[in-house]
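Written out below as structure tokens is the structure these notes cover.
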Amino acid sequence: MPTAPAAANSPSVSTATAALSLASGIVVSCRVGLSRNIAEFPFLDVCSVDQRTEIESAVRASVRWNNQIKDLTIVDCQQLELMEHQFLAELEAVVGLSGRASSTVAAEPSICNESLNSCLIINEEDHFRIQVTSRNTELHSVWDAANQLDDELEQRLNLAFSPRWGFLTACPSNVGTGLRASVVVHVPALMVSGGIHELQRRLARSNVVGREVFGDPAGGDFYRFSNQATLGFDEATLVEQVAQIIPQIVAAESEARENWLTTDRAGLQREVQSSLERLRALDLTDSTDQNRFELTRLLSRVRLGLQLELLPTAQTESIVCKFELIQLRERLLTAITQEDYGAASRFRDRIKFLSGESV
């Protein structure tokens, strides 16, 4: 693909994210997104309805005629609420109570490959966005997958690119590489100690910003750290900037957890056990803001309890089942929208089995 203009002497990709394998639940997931536009069309805010349709057709055709990615399936999620999908997508990543693979959720018509957890989000802010997400996987591998998909699509699409500015995007903050590399982390001990604020200030000097995943500082202790600038660096440099801060986050949270255990292990264990019982009783289908806040707060403590071995894994089986039911209902709705009745039948059978009904 074309290379965006970069600063001189950019570092090569290193093994900084090898610490992911040692993160033990602190690192929840990592993601790379690439914002792209097709040169023949204006940006979406001035596109007509017909032009949006043409953009979608062009992107779909580029997949259909490419031997490397032609087997990607098409998922139409337009009938579902945007914020609901965003919440479920993030929640799906942070549950982390089982090794089950789960579907990629997007706000607009999407082309997804579940085995790679990759998707194209069409007509969102830009004409399309390549997004590759993985749980507990080395960040550079995620970037390699996104880069390969970008190269394949570029063979059939004339992307909006300037030799001076790089990839042209609707939002000026994405101009250049159009790349956002990010990592979601679970940092409850840093939240309790207040150390998260100093960590944010320190990492900001490295072009990395941290924000609450669920939009509230008390909404579950999950943070997403990502590169701030996209212009003036090449893609490998931006990925490396995010990769290099992961061991720092893991070390800071690990130390804060040790201090918490040392000073109040009994109190923390009581809090964790209480959170598990309350989470079991919570209505996971209630999508009100208040219930979501409670859900992410309780989930944070249960994750922490599992990671610190304050809870037996067997105690979380009912929670895993409840979350799987939510995901299955989501997939069932998508399958019905696609008129994929074979898949819909399989999802219904699984829902009945988990609900204790006869199949």
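The values are calculated or read from the model by the stated rules, or taken from the named source; none is laboratory data. Quick caveat, the model's predicted, so the values are computed rather than measured. Note: ideal-geometry Cβ built from the backbone for every residue, glycine included; neighbour counts use all protein chains shown. Just the protein is used for accessible areas: all its heavy atoms, side chains included, with ligands, DNA and RNA removed. Shrake-Rupley method; radii C 1.70, N 1.55, O 1.52, S 1.80 Å.
Each Cα pair under 8 Å and six or more residues apart adds its separation to the average, and for the stretch 157-233 the resulting relative contact order is 36 percent. Protection proxy ranking of 342-351, 31-40, by the mean of other Cβ atoms within 10 Å over each peptide's residues and highest first, is 31-40, 342-351.
I need the peptides 185-193, 273-281 ranked by packing, meaning the mean over residues of other C-beta atoms within 10 angstrom, with the highest value on top.
Top of the packing list down: 185-193, 273-281.
The residues of the stretch 188-304 expose on average 44 square angstrom of accessible surface per residue, using a 1.4 Å probe on protein heavy atoms. Ranked by the mean number of other Cβ atoms within 10 Å of their residues, highest first, the peptides 260-266, 292-298, 140-146 come out as 140-146, 292-298, 260-266.
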